[in-house]
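Everything on this sheet refers to the single structure shown next.
The values are calculated or read from the model by the stated rules, or taken from the named source; none is laboratory data. What you see is a predicted model; the values in this text were computed from it and never measured. Here the Cβ is made from the backbone with ideal geometry for all residues, glycine too, and neighbour counts use every protein chain on show. To get the accessible areas, we keep the full protein, side chains included, count just its heavy atoms, and leave off ligands, DNA and RNA. Shrake-Rupley method; radii C 1.70, N 1.55, O 1.52, S 1.80 Å.
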Amino acid sequence: MLVPFRLNSLPGLLLAALPPVAVAGFTFALLSYVGGSAQVWRMVGASGPYSLLMMVGVLGVTFVLSALLGMGPAGKHAPLVVLVGLATLPWMLGIAGSQEAMERMLPALPEGRHGEALAPWVAGTGEAMVTRLVGAWMSAALLGAVALGLVLLHKRASSGGEQAGRLLGAALGMALGGTALVVALEAHQLFELLTSLAARTPEVRAELIAQSTGTLAHLQELRAALMGLLAILALALVCWQFFLRPEAVSQWAGSLMLGALVAAVVVLDARPMQLAAQEASLAESPGTSLPLMVRGMLSDALGAVPPTGHLPAPALSTKP
């Protein structure tokens with residue numbers, strides 16, 4: 001059982017406070033970042049029932065992580081894969097919400113899939129990014145709390161090797177949290193752009209896309225760097241634990257599971273955007289530039305951004 005447990009020391013209380021403090025701080029930061037309570041309610045309306053599910057999930061994960069971290073000073077350390085896995089649950093829940101929203105929109109696509117009739121699909125694609133945004137944002141907060149907790153606990157390790165392993169685990173959690181934050185920023189950029197395109201004139205649309213393309217390009221570069229760092233840290237953690245104590249199968253096998261978990265989250269996170277890009281590529285565009293610009297925007301979101309920061313040439317061709 002995870003509870004009951006005893007927080008019989010000040011370090012335990014401080015560690016247990018990390019997740020709720022991080023979630024509360026990131027919640028206020030998100031409120032400020034998106035532009036106030038009116039925008040938050042707009043996003044809640046776009047996500048529908050998933051907003052309540054997300055809130056319950058975040059609160060539940062925060063409570064469990066507080067319990068696990070609070071037991072650390074008493075010597076009852078939860079495995080790293082459990083801590084990081086729990087912290088990524090809001091992110092995965094957000095991915096599931098975006099995936100479901102994208103699949104729900106497909107039957108509503110106009111039969112010809114062309115012209116301004118695609119405007120509702122464009123706005124719906126932006127609205128589908130809300131759960132991905134909120135989930136990744138909250139996972140970034142929880143992963144940061146887990147990483148800080150591991151750093152504070154590393155001096156209580158029984159050996160120098162275990163201390164180094166916890167520091168590597170903390171670095172891995174922090175890098176994954178940074179990746180989640182970048183994903184949240186990207187999702188917000190797409191939400192703001194795609195939900196406002198339909199009401200703009202073609203000239204304004206082109207200007208908005210030009211502005212967003214550069215931002216998404218920088219975010220993609222940063223995410224690629226973080227993913228490389230994640231791969232290095234995961235490999236270093238597994239090798240360190242294996243060569244230090246090869247007989248401790250549970251430790252290095254758990255790190256292997258953690259690496260697989262990180263890879264799975266990254267792959268699943270790309271799925272909603274891949275689905276949107278696949279459907280956009282099937283759209284015809286006689287007489288309007290809306291689907292063309294959307295197609296280019298989705299390509300940019302998937303990393304197909306040329307060095308010049310302009311729309312990729314293939315996005316401007318009309319498919320039969």
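Okay, here's what the table says:
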item: Residues being at pLDDT below 90 and either touching a Cys at 6+ places or on another chain (Cβ under 9 Å) or not aliphatic (A, V, I, L, M) (or both) - total across region 98-135; result: 19
item: Residue match in region 75-85 (condition: open to solvent by 30 Å² or more (accessible area, probe 1.4 Å), within 24 Å of Leu18 (Cβ to Cβ) and of a type in the set (Lys, Arg)); result: yes
item: Region 207-230: number of residues that are under 27 Å from Gly259 (Cβ atoms) and open to solvent by less than 60 Å² (accessible area, probe 1.4 Å); result: 6
item: Tabulated pairs, region 12-34, first more than 13 Å from Met71 (Cβ to Cβ) and free of Cβ contacts under 8 Å to residues at least 60 places away in the same chain, second open to solvent by less than 40 Å² (accessible area, probe 1.4 Å) and in a helix (DSSP H, G or I), C-beta under 6 angstrom, 6+ apart or interchain; result: Pro20/Thr62
item: Considering residues of region 1-46 that are open to solvent by less than 70 Å² (accessible area, probe 1.4 Å) and at pLDDT below 80 only, the residue farthest from the chain's Cα centre (by Cα); result: Ser9
